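Report on one structure; see the data block that follows.
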Protein chains: 2
Amino acid sequence: MPTKAKRWVLASRPEGKPTAENFRLDDMTLPDIGEHEILIRTEFHSVDPGMRGRLSGDSYTAALPVGETIDSAMVGVVEASNNEKFKVGDRVTGGFGWVTHAVSNGRGVQVLAPEMFHGALRPTAAIGVLGIPGLTSYFGLLELGQPKEGDTVLISSAAGPVGATAGQIAKMKGCRVVGIAGSKEKCDYVKGLGFDACFSYRGADLRAAIKEHCPDGVDIYFDNVGAEMLDAAILNMKEHGRIVVSGQVSEYNRAEDELVGIRNVTRFITHRLRMEGLVVFDYFKRFREAQAEMAGWIHEGKLQYTEDVSEGIEGSAAAFIGLFEGENLGRRLIEVS
Amino acid sequence: MPTKAKRWVLASRPEGKPTAENFRLDDMTLPDIGEHEILIRTEFHSVDPGMRGRLSGDSYTAALPVGETIDSAMVGVVEASNNEKFKVGDRVTGGFGWVTHAVSNGRGVQVLAPEMFHGALRPTAAIGVLGIPGLTSYFGLLELGQPKEGDTVLISSAAGPVGATAGQIAKMKGCRVVGIAGSKEKCDYVKGLGFDACFSYRGADLRAAIKEHCPDGVDIYFDNVGAEMLDAAILNMKEHGRIVVSGQVSEYNRAEDELVGIRNVTRFITHRLRMEGLVVFDYFKRFREAQAEMAGWIHEGKLQYTEDVSEGIEGSAAAFIGLFEGENLGRRLIEVS
């Protein structure tokens, strides 16, 4: 029996900040599943700032064609199965985007093991703290940042899912952790996670504010923002400081000739700085090991995560647009059903 | 018997490009040497763009006080000695600056071993290809650049002492080496050293010119220039490319609020780039090993170096100012006596 479903498609390419006109919610009818196929009903899909690049096609992944489904991770339930690896009722994750239902041959679909996902570890963690955002925090901080006990770690977008997780891992490694966020409320949240300090960037003299909160300088700057904030951090780095380029959300809506970037490259010489970009998929072979370690931390109460959930697939585009206004606190998800 | 001598001092701090008024040639009279002291007569002193930072005091080394002798390396001859480690006639190197003579207690002064410095290895090499410029090339390329056979290495200021040496070492490591210099004459020189290609930056669309000469992209960019040239290189880097921040000569004369820097930081994420600054003194313990290896290459004819020598200490300031006009080809030296 065909399934009535909905999906968000790219209606037009955004120039600058994305707007409602760039997205369209279409009805669709999914055919009956064929041999080896499964039907998944979406429970939650994610809303990711990093997806902005695909909308314009100026990023490393290919441009999303206009008319195609908007990409994202999702958690769902198998509603019908012709595939022996999946049974009806299995909770699964996959990359089917902003859809209410998906038909799949099972490739890239993972069943969430009930022995792992229970208690504090909710199924949505699979596409959040144990998914790409959390893995970005884990490998970015540990591999590129190389934290040592006593290091001062500065983190931008500290109330976002990547920053909040990176900060908690840095605390576990014995670092002093300072967050930058967009409001006092977000800073209170961040301090509740164990950050030593946090300040709001709004209206701040960034260079002076970082100096005030990191008077001895910064060993690791975990950057999710870029541009002026990155430049201000560079001016506060200690010798041999490491800059992890995790995200550049302040640049994502800028055309190539409007990028702001940084001015203080001479500091790389005078202070022996290192700056390195992360693409988390480079660590694909170690994902399971990292996920198991983070799951352990969550069950032990050492690692918290927060989700910012809106109900109804009608709100997906607005939730995405709002990411660039700094609206979210924690991982932004849409509860579809 | 007191010695009549001359030295260049900092007359005033330059703002922007240094001018003749910032320097003054003073007469001085050196007293007779005391216990454990030696008198050195300068044969050559160096003229270094990296010294620009000390003139303003915005760099990592302390500002040079106005009225003090301008810093540099020198090669000289011991004219008198009350120190058993030095005998009259020894050829030595030290950091006594733009002076005709210096009195020293011997600290930091090294005797050039005649068994090392002969034939192709002239004494001035001790403050050039075996000195800070050459060591910067060696450790910058090998340690930060990590060249692998078949890599494409792009080098700015390729006709300068650092770039020319880095390029020849990269060739020895099996890389394809492309230079950027300031004229066709300099490019001819660079190609004569074994670079595979070279182009002049004057009037060039840098991004397009790099693309033309490195059609498959750049694995290592060894940067002596910074700003627009660095940004254009970033747009041509391959995935996992390494940027060695060796010098930023285009930025040295700019005040902090005039720095140009780079715009394309998002490429660090999309292309997993790494950028790292070099301070060669961090490798101090390995200097002798590197110098011995480079001396071997020079004696075997594998590594060439060029000196751009002007006669007479009266010309030191003009020679320094000219560095920022791209005048020099090879290591700039003043022959004092």
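The values are calculated or read from the model by the stated rules, or taken from the named source; none is laboratory data. What you see is a predicted model, and the numbers here were worked out from it, not measured in a lab. Positions of Cβ are generated from backbone atoms using ideal geometry, with glycine treated the same way; all protein chains shown enter the neighbour counts. To get the accessible areas, we keep the full protein, side chains included, count just its heavy atoms, and leave off ligands, DNA and RNA. Shrake-Rupley method; radii C 1.70, N 1.55, O 1.52, S 1.80 Å.
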Förster-model FRET efficiency, 30 Å R0, A:GLU293 and A:LYS87, C-beta, rounded to 0.05
0.55
With the cut-off at 1.5 for a/c, could you classify the range B:133-281 from its C-alpha gyration tensor as rounded, prolate or oblate?
rounded
Label-to-label distances across copies for B:LYS302, with labels 7 Å out along Cα→Cβ, in nm, shortest first?
4.9
Who wins for biggest fluctuation among A:ASP223, A:ASP282, A:ASP308 in a Gaussian network model of chain A, springs between alpha carbons below 10 Å?
A:ASP282
Got a sec to turn the phi values of the range A:85-93 into Karplus ³J(HN,Hα) couplings, 6.51 cos²θ - 1.76 cosθ + 1.60 with θ = phi - 60°, whole Hz, x for Gly and Pro?
7, 10, 10, 4, x, 4, 8, 9, 10
Förster radius 25 Å - calculated FRET efficiency between B:ASP282 and B:LYS148 (Cβ-Cβ, nearest 0.05):
0.65
Where the only charges are on Cβ atoms (+1 Lys, Arg; -1 Asp, Glu), what is the dipole of the range A:211-251 about its Cα centre, to the nearest 20 debye?
100
Quick one: angle between helix A:161-172 and the longest Cα principal axis of chain A, in degrees between 0 and 90, rounded to 10, please.
50
Step through the residues of the range A:180-197 one at a time and calculate ³J(HN,Hα) from phi using the Karplus curve (6.51 cos²θ - 1.76 cosθ + 1.60, θ = phi - 60°), rounding each to whole Hz and writing x for Gly and Pro.
10, 9, x, 6, 5, 4, 5, 5, 4, 4, 5, 5, x, 7, x, 4, 6, 7
Volume per residue of the C-alpha convex hull in the range B:85-179, rounded to whole Å³:
134
Along the axis that rotates chain B into chain A, which residue of chain B has the nearest beta-carbon, and what is the gap in whole Å?
B:MET275, 2
Just to confirm the filter: which trypsin sites (Lys or Arg not before Pro) across the range B:252-311 are DSSP coil and have at most 15 other Cβ within 10 angstrom of their Cβ?
B:LYS302
Sorted by chain and number, the residues with a modelled amide H under 5 Å from that of A:LYS238, at a separation of 5 or more or across chains, are A:VAL218, A:ASP219
Sorting from shortest, the nanometre distances separating the label point of A:GLY119 (7 Å past Cα along the line to Cβ) from those of the same residue in the other copies are 7.3
Residue by residue through the range A:224-235, the couplings from Karplus 6.51 cos²θ - 1.76 cosθ + 1.60 with θ = phi - 60°, in Hz, x for Gly and Pro, are 10, 10, x, 6, 4, 5, 5, 5, 5, 5, 4, 5
Taking C-beta distances below 4.7 angstrom as the pairing criterion, name the unpartnered cysteines of chain A, in sequence order.
A:CYS175, A:CYS214
Can you tell me the dipole magnitude for the range B:43-131 around its Cα centre, using point charges on the Cβ only (Lys, Arg +1; Asp, Glu -1), in Debye to the nearest 20?
80
Checking B:THR124, B:THR266, B:THR93 against a Gaussian network model of chain B (alpha-carbon springs below 10 Å), the top fluctuating residue turns out to be B:THR266
Rounded to the nearest 20 Debye, what is the dipole magnitude of the protein assembly as shown about its Cα centre when Lys and Arg each give +1 and Asp and Glu each give -1 at the C-beta?
720
Counting only GluC sites (Glu not before Pro) that are in a DSSP loop and have at most 15 other C-beta atoms within 10 Å, tell me the longest site-free stretch of chain A.
A:150-299
Sorted by chain and number, the residues with a modelled amide H under 5 Å from that of A:CYS198, at a separation of 5 or more or across chains, are A:GLY179
Placing the label point 7 Å from Cα along the Cα-to-Cβ direction, what are the distances from A:LYS85 to the equivalent spots in the other copies, shortest first, in nm to one decimal?
7.0
Trypsin sites (Lys or Arg not before Pro) restricted to the range A:110-206 and DSSP loop, no more than 10 other C-beta within 10 Å
A:ARG202
Among the listed pairs B:LYS17/B:LYS184; A:LYS4/A:LYS85; A:LYS171/A:LYS302; A:LYS173/B:LYS285, those beyond 20 Å (Cα-Cα):
B:LYS17/B:LYS184; A:LYS4/A:LYS85; A:LYS173/B:LYS285
If one takes the longest principal axis of the Cα atoms in chain A, at what angle in degrees, from 0 to 90 and to the nearest 10, does the Cα axis of helix A:287-299 lie?
80
Listed residues A:VAL336, A:SER104, A:GLN248: farthest to the positive end of the dipole of chain A (Cβ charges)
A:GLN248
Cα lying deepest toward the dipole's positive end in the protein assembly as shown, options B:GLY160, B:GLY89, A:LEU25, charges on Cβ
B:GLY89
Run lengths n ≥ 4 of DSSP H only: what is the helix-derived mean residue ellipticity at 222 nm for chain A, with -39500 (n - 2.57) per run over all residues, to the nearest 500?
-6000 deg cm²/dmol
With a 1.4 Å probe and every protein chain left in place, tell me how much accessible area B:ILE334 has, in Å² to the nearest 10.
0
Among B:LEU193, B:TYR221, A:GLY174, flag the residue with its Cα farthest along the positive direction of the charge dipole of the protein assembly as shown, charges on Cβ as +1 for Lys/Arg and -1 for Asp/Glu.
A:GLY174
